[in-house]
Amino acid sequence: MHVGMWTTHLRRLRGGVDANWLMAVGWRGLYGGTFVNSFGNRSFAAGIERSVVRAEGGAVARGLGYRLGLVSGYDERLLGLAGKTPVLPALQVMGDVAMGRTGLELAWAGKVATMSPFMRVRH
């Protein structure tokens with residue numbers, strides 16, 4: 001379960017970091033969530049998530065993976081296609097570091113890098 005998200009736009013790093021009020025869950029390779037995007041609109045995202053590499057030796061676990069799905073809530077300010085359809089395809093590459101049930105995820109999706117704390121309900 002993710003309970004917050006901070007983003008920065010890679011093409012305008014001087015813009016700083018935004019809090020995006022994410023609430024998301026993942027279960028058996030599926031994910032779904034909602035957040036306030038960088039344009040101030042409510043977005044919803046859902047799809048599959050997969051781990052490509054996972055190292056779980058010692059106190060710290062590390063992983064790399066991806067999410068593939070759909071996202072809503074964007075318009076032509078993101079890209080031209082977003083002004084023509086309410087739902088866009090989404091691909092996100094992610095990595096995480098965890099200790100026990102808690103961790104931090106770093107992710108990249110096109111123009112945006114994100115950081116999000118998470119908590120696993122089951123280990």
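The Cα center of segment 97-123 and the Cα center of segment 45-91 differ in position by 12 Å. The label-point distance for LEU104 and VAL25, in a model that sets each label 7 Å from Cα toward Cβ, rounds to 2.7 nm.
Size of segment 81-121 from its Cα atoms: along the principal axes, largest to smallest, the extents are 43, 21, 11 Å.
Would you please give the FRET efficiency between VAL36 and LEU64, computed as 1/(1 + (r/R0)^6) with r the Cβ-Cβ distance and R0 = 30 Å, to the nearest 0.05?
Efficiency at R0 = 30 Å is approximately 0.65.
Within the listed set ALA82, ALA55, ALA90, the residue fluctuating most in the Gaussian network model of the chain (springs between alpha-carbon atoms under 10 angstrom) is ALA55. Full extension of the segment from ARG122 to SER51, taken as 0.36 nm per residue of separation minus the current Cα-Cα distance, would add 23.9 nm.
Shape analysis of the chain yields a ratio of the Cα radius of gyration to the Kirkwood radius, Rg/Rh, of 0.97. Taking the Cα centre of the chain as reference, the dipole from Cβ charges on Lys and Arg (+1) and Asp and Glu (-1) amounts to some 80 debye.
Just so you know, all these numbers are worked out from the coordinates, no wet-lab data involved. The structure presented is a predicted model; accordingly, all values stated were derived computationally and were not measured. Reconstructed Cβ throughout: ideal geometry from the backbone, glycine too, with neighbour counts over all protein chains shown.
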